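Below is one structure; the comments refer to it alone.
The values are calculated or read from the model by the stated rules, or taken from the named source; none is laboratory data. Predicted model, so just to flag it, every value in this text is computed and none were measured. Cβ coordinates were reconstructed from backbone atoms using ideal geometry, including for glycine residues, and neighbour counts include every protein chain displayed.
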Amino acid sequence: MIQSYKIHINDNTVFLEDEAHWQFKNYIIKDKELYIPYVDEAQTKQLVEDIYNKYQGHTFFVIASDLSALKTSFFNQFKLIVAGGGVVFNKNNEMLLIHRLGFWDLPKGKIEMGEVIREGAAREVKEETGVKIKLIDQKICCSYHTYNIENKRILKETHWFLMKGKSGSILKPQTKEGIEKVEWVKQENIAPYIEKSYSNIVDIITIGFTKLQSQQSLF
């Protein structure tokens, strides 16, 4: 059962939390963190405006007894785009990374109309990297981050799947999408890559290696 959502807005992080789950965690608020009981959508609208215009590097915990209502209220402040991505490993347990616009990232992209998300995620991996997918395993998580297009605020909901890439696939960055490099990276060599990656992608990379270690049946 989903008990929270983690959303990246610029360099701020917002957690939408179930009240009962929050009380169970017994979390202590630290510097540059704010605890906000959810009231209604008007409050949420103002909060989003404040996060964009008044805060940098803050973390917000928005708490509600009805997490579904809070999620709807928060998501209504954005245009939602659904995407699919691959946390792809080869037979050497190396993870597939792409380099785009100065950052290391994972292959992902928008799901097309009528497309099954897991299949769209595999398609995006192939298009962005040249790597064909031999196996699509479990969905490991969803990530949420925001950006602007033509003064519209976009919330991207990306569904991430653990995947196995086919051996012998030729790495071919999709340059028309701004991808400059594609590399296979071992866990012990990942540090310099995550130093130049988005915080939400660092989360997914960490989850991916953890899942692989607990599930060697992928290979």
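Checking each residue in the stretch 115-141 for being loosely packed, with under 14 Cβ neighbours inside 10 Å and modelled with pLDDT of 95 or more picks out only 116.
This table checks each residue for (1) within 24 Å of residue 138 (Cβ to Cβ); (2) of a type in the set (Val, Ile, Thr).
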residue	(1), (2)
51	no, yes
57	no, no
62	no, yes
69	no, no
103	no, no
110	yes, no
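For the stretch 170-180, give me each residue that is buried (at least 18 other Cβ atoms within 10 Å of the Cβ) and in a strand (DSSP E or B).
So the first thing to find is which residues in the stretch 170-180 are buried (at least 18 other Cβ atoms within 10 Å of the Cβ), and the list is 173-174, 179.
Residue satisfying the conditions is 179 alone.
What residue, among those in the stretch 152-186 that are among the small types (Gly, Ala, Ser) and touching a residue at least 60 places away in the same chain (Cβ under 8 Å), is farthest from residue 109 (Cα to Cα)? The qualifying residue farthest from residue 109 (Cα to Cα) is 167.
Per-residue answers, yes or no, for (1) surrounded by 12 or more Cβ atoms within 10 Å (Cβ to Cβ); (2) part of a helix (DSSP H, G or I); (3) over 18 Å from the mean Cα position of the chain (by Cα); (4) not assigned by TED's automatic domain parsing to the domain that holds residue 127:
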position	(1), (2), (3), (4)
153	yes, no, no, no
160	yes, no, no, no
163	yes, no, no, no
168	no, no, yes, no
182	yes, no, yes, no
213	no, yes, yes, no
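Looking only at residues of the stretch 187-211 that are of a type in the set (Phe, Trp, Tyr) and under 16 Å from the mean Cα position of the chain (by Cα), we find that the one that is farthest from residue 104 (Cα to Cα) is 209. If you go through the stretch 111-159 and pick out every residue that is more than 23 Å from residue 203 (Cα to Cα) and acidic (Asp, Glu), you end up with 4. Taking strands (runs of 3 or more DSSP E) as the structural unit, those lying wholly within the stretch 6-107 and holding at least 2 residues that are in the same structural domain as residue 170 (by TED's automatic domain parsing) correspond to 79-89, 95-100, 103-105. Across the stretch 118-141, the qualifying residues are those that are in a strand (DSSP E or B) and without any contact (Cβ under 8 Å) to a residue 60 or more places away in the chain, and the one among them that is nearest to residue 75 (Cα to Cα) is 139.
If you go through the stretch 1-38 and keep only what is among the β-branched types (Val, Ile, Thr) and exposed (fewer than 14 other Cβ atoms within 10 Å of the Cβ), you end up with 2, 28, 29.
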